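Participant: Handing you this structure, nothing more for now.
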Amino acid sequence: MEKRAIFVYCLAHCLNLTLQDTVKAVPECRNVLNVMKDLIHFVRDSPKRLDLFAHLNADASINLKALCPTRWAVRYLSMSSVFSNYTELQEFFINVSRNDNSDTGAKANGFLINMQTYDFFFMLSLLVKLFGHVDTVNIALQRKSLHSKEANKMISTLVTSIKFMRNNFESFWGEVTSKCQDMDVDSPKLPHRRIVPKKYDDSINSSVETFTEVCDKYRRLYYETMDTSISFLESQFKTQSFTFVNQIEQFLLRDNKHSFDILSFYESDIDKEHLLLHRSMFHEILQSSDSANISSLDDSEISKTGKPPVWPTA
């Protein structure tokens, strides 16, 4: 294999992997998604149950959407559909659990108990908020005219947005807690501390996390989810190949800061004088006095005006 070949992976797929890694790293996120997946399948897999739910849903345009098994970024649509139908789903599970004495009724009651817990409602609200920001970027990263500088800016903006969210826990906490009564969800409570007898393992007792205030537990979950997503975002999009592609793009825009890196990478395959000459020819071909100045490889102005853009000078 050619050692100088540059592998640039699909950016939307990298974003997809970021969400997948985040959910797997935070057990509470993973548990909520698993319950939600089973919950949606329970409703949708039976025409009879689906019809019953449809009669409870006042807005027929907000239907339950199946959880995509591979494309994690589009799971926002599934989460949003559950969140929008929260009270309708609870009423649906109450009806099924009361009128069906089989295992189906027991499953419905189990889903109802989950939805009435503050932990489930809190984590679902958090994931809807986080995945909503990611979904917007995911759609933008799939544009045909996308260039690396713009993609890099999108990811940086997403990281900044998540960091801003992280610093606003109190606002999020107040918003979610205020909705509990309307959604028929239990109020947040301090978890009961489980004490393991010392004769079994004293180290377990010493490692059990305790909270003095009820919001401390959820603050930790909130920060852990945000910090994990930021960490995976930065690791996925700060790879050597992605950085090098950005350098090549900036070089084409007459930024000579990275010319030495490019020449060193390709060694004897590229002659510096010829490279600079061909770049100048490239700019001369694209020049047009009637076009607007741009500073990236986005050639959208060509399709709008029918004329090539004027590229910035050094």
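The values are calculated or read from the model by the stated rules, or taken from the named source; none is laboratory data. Computed from a predicted structure; not experimentally measured. Positions of Cβ are backbone-derived with ideal geometry, glycine not excepted, and every protein chain shown enters the neighbour counts.
Participant: Among the candidates F122, F111, F53, F93, which residue alone is over 13 Å from the mean Cα position of the chain (by Cα), buried (at least 20 other Cβ atoms within 10 Å of the Cβ) and within 30 Å of C14 (Cβ to Cβ)?
Facilitator: Just a single option satisfies the conditions, and that option is F122.
Participant: Looking at the stretch 18-40, I want the residues that are closer than 14 Å to V74 by Cβ and of a type in the set (D, E, K, R) and have a partner that is modelled with pLDDT under 90 and buried (at least 16 other Cβ atoms within 10 Å of the Cβ) with Cβ atoms under 6 Å, at least 6 apart or on another chain. Which pairs are those?
Facilitator: Listed pairs, sorted by first residue: K37/L67.
Participant: Condition first: in contact (Cβ under 8 Å) with a residue 60 or more places away in the chain, in contact with a helix residue (DSSP H, G or I) (Cβ under 6 Å, 6 or more places away or on another chain) and outside the structural domain of I270 (by TED's automatic domain parsing). Can you find one or more residues in the stretch 83-96 that meet it?
Facilitator: Checked the stretch 83-96: at least one residue is in contact (Cβ under 8 Å) with a residue 60 or more places away in the chain, in contact with a helix residue (DSSP H, G or I) (Cβ under 6 Å, 6 or more places away or on another chain) and outside the structural domain of I270 (by TED's automatic domain parsing).
Quick grid of which residues meet (1) of a type in the set (K, R); (2) touching a Ser or Thr at 6+ places or on another chain (Cβ under 9 Å):
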residue: R98; (1), (2): yes, no
residue: D103; (1), (2): no, no
residue: K107; (1), (2): yes, yes
residue: Y118; (1), (2): no, yes
residue: V134; (1), (2): no, yes
residue: F169; (1), (2): no, no
residue: G174; (1), (2): no, no
residue: S178; (1), (2): no, no
residue: D182; (1), (2): no, yes
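Participant: So S161 ticks every box in (1) under 13 Å from the mean Cα position of the chain (by Cα); (2) touching a residue at least 40 places away in the same chain (Cβ under 8 Å); (3) closer than 20 Å to C29 by Cβ but one. Which box is left unticked?
Facilitator: (2)
Participant: Taking the options R166, R143, name whichever one is within 18 Å of the chain's Cα centre (by Cα), farther than 30 Å from Q247 by Cα and not aliphatic (A, V, I, L, M).
Facilitator: It is R166.
Participant: Give me the residue from the stretch 180-198 that is at pLDDT below 80 and of a type in the set (A, V, I, L, M) and, out of that set, surrounded by the fewest Cβ atoms within 10 Å (Cβ to Cβ).
Facilitator: Going through the qualifying residues, I end up with I195.
Participant: Still on this structure, please answer the following. Taking the stretch 240-256 only, how many residues are modelled with pLDDT under 75 and assigned to a helix (DSSP H, G or I)?
Facilitator: 1
Participant: At least 3 residues that are at pLDDT 85 or above and within 30 Å of F265 (Cβ to Cβ) in each: list the helices (runs of 4 or more DSSP H) lying fully within the stretch 1-89 that qualify. Walk me through how you get there before you give the answer.
Facilitator: Working: elements: 11-25, 27-44, 47-56, 75-84.
It comes to 11-25.
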